[in-house]
1. Anyone know which of Val53, Val61, Val84 comes out most mobile in the 10 Å Cα GNM of the chain?
2. If you build a Gaussian network model of the chain, linking Cα atoms that sit under 10 Å apart, which residue out of Ser86, Ser63, Ser73 swings the most?
3. Where the only charges are on Cβ atoms (+1 Lys, Arg; -1 Asp, Glu), what is the dipole of the chain about its Cα centre, to the nearest 20 debye?
4. Once fully extended, how much extra length lies between Ser111 and His48, figured as 0.36 nm per residue of separation less the alpha-carbon to alpha-carbon distance?
5. If I model a spin label at Lys69 and Leu98 as a point 7 Å from the Cα along the Cα→Cβ vector, what separation in nanometres do I get?
6. Note down the nm distance, to one decimal, between modelled labels 7 Å out along Cα→Cβ at Met20 and at Met62.
7. Local charge sum around Thr55 (other residues, Cβ-Cβ under 11 Å, Lys/Arg +1, Asp/Glu -1)?
8. Each residue of the stretch 112-124 in turn: what ³J(HN,Hα) in whole Hz from Karplus with 6.51, -1.76, 1.60 and θ = phi - 60°, glycine and Pro shown as x?
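FYI, it's all coordinate maths here, none of it is from the lab. Please read all numbers here as calculations on a predicted model, not as lab measurements. Positions of Cβ are generated from backbone atoms using ideal geometry, with glycine treated the same way; all protein chains shown enter the neighbour counts.
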Amino acid sequence: MGNIILIVDDNLACAEPLQMALECIRGMEIQVAGDANSALGIIAGAPHRVAAVITDLRMPVMSGLEFLKMLKSDDSLRMVPVLVISGDSDPELPARALLGGAAAFFTKPYSPLAVRKRLEQLLA
């Protein structure tokens with residue numbers, strides 16, 4: 001099992017509280033990427049170290065759903081839990097994300113502690 005939890009969000013004001021909430025998970029290194037391409041670079045450098053990914057949906061260049069699809073189509077990453085966060089009000093988004101392979105969906109504003117709790121369950 002890996003030891004990197006990767007947060008992918010182009011808004012650092014959203015990523016920072018989540019990063020702080022996750023830092024207490026024993027044995028995990030929290031990394032933040034500002035977009036999906038940067039996240040793919042981190043993953044490519046250490047794919048076996050990625051324990052989980054938390055991604056926003058609305059990002060430049062590649063959406064979170066496209067990023068999720070890429071992760072789930074890669075045999076070496078398929079089992080990595082992906083949690084999706086979105087401020088979008090589209091009522092179909094949670095179902096689309098979950099059908100695409102997301103392990104959980106959180107709507108902004110969300111509780112970083114609730115995300116941490118769900119992540120700890122997935123990593124147990």
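1. Val61
2. Comparing Ser86, Ser63, Ser73 in the GNM, the peak value goes to Ser73.
3. About 380 debye.
4. 19.8 nm
5. Each label point lies 7 Å from its Cα, and together they span 2.1 nm.
6. In this crude label model, Met20 to Met62 measures out at 3.0 nm.
7. -4
8. In residue order, the calculated couplings are x, 5, 5, 5, 4, 4, 5, 5, 4, 5, 5, 8, 5 Hz.
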